[in-house]
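Undergrad: Would you mind keeping the following structure in view while I ask a few things?
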Amino acid sequence: MPIRVKSRGHESIEQMLRRFKKSCEKEGLTREVKDRQNYEKPSMVKRKAAKRRVALRLMALRPRPIREKTERFGK
């Protein structure tokens with residue numbers, strides 16, 4: 001679906017361009033362009049997700065240091 005912007009009376013080009021950009025955002029056009037520029041193969045997406053799951057699992061198993069409570073605000 002083409003996006004058209006008609007001038008409203010004595011509207012400047014900058015204002016028309018701003019309206020055009022807003023309509024592109026509403027249509028999701030800029031998001032789609034960015035997604036297409038950074039295309040990842042489905043196999044790479046799955047591999048990345050698996051690595052993330054393993055990293056989170058390892059982080060959960062790691063022992064955490066015990067912090068001592070300190071007084072706040074110099075009391």
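Undergrad: Using +1 on the beta carbon of Lys and Arg, -1 on that of Asp and Glu, and nothing else charged, what's the dipole of the chain about the Cα centre, debye to 20?
TA: Details: 25 positive and 9 negative charges, 107 e Å.
Once rounded to the nearest 20, the dipole reads 520 debye.
Undergrad: Tell me, what are the semi-axes, in whole angstrom and largest first, of the equivalent ellipsoid of the chain as set by the roots of 5 times the Cα gyration tensor eigenvalues? All intermediate terms of the calculation are to be shown ahead of the outcome.
TA: On the way: eigenvalues 473, 150, 9 Å².
Whole-Å semi-axes of the equivalent ellipsoid: 49, 27, 7.
Undergrad: Per DSSP H run of n ≥ 4, the term is -39500 (n - 2.57); total these for the chain, divide by its residue number, and report the mean residue ellipticity at 222 nm rounded to 500 deg cm²/dmol. Don't skip to the end; give the middle numbers.
TA: Working: 3 runs with 44 residues, N = 75.
Result for the chain: -19000 deg cm²/dmol, rounded to the nearest 500.
Undergrad: Moving on to the next point. Short version: ³J(HN,Hα) in whole Hz for each residue of the stretch 3-8, in order, from phi by Karplus 6.51 cos²θ - 1.76 cosθ + 1.60 (θ = phi - 60°), x for Gly and Pro, what are they?
TA: 9, 10, 10, 9, 6, 9
Undergrad: On a straight-distance basis, which lysines could pair with LYS34 in a cross-link, Cα separation under 22 angstrom, same-chain partners fewer than 8 positions away excluded?
TA: Partners within reach: LYS21, LYS22, LYS26, LYS46, LYS48.
Undergrad: Can you list the HN-Hα couplings for the stretch 64-72, worked out from phi with the Karplus curve (6.51, -1.76, 1.60; θ = phi - 60°), rounded to whole Hz and with x for Gly and Pro?
TA: 9, x, 8, 8, 8, 6, 10, 6, 9
Bear in mind these aren't lab numbers, they're just calculated from the coordinates by the rules spelled out. It should be emphasised that the depicted structure is a prediction, and the values quoted were computed from it without experimental measurement. Don't worry about glycine lacking a Cβ; one is built from the backbone with ideal geometry, like all the others, and counts go over all protein chains shown.
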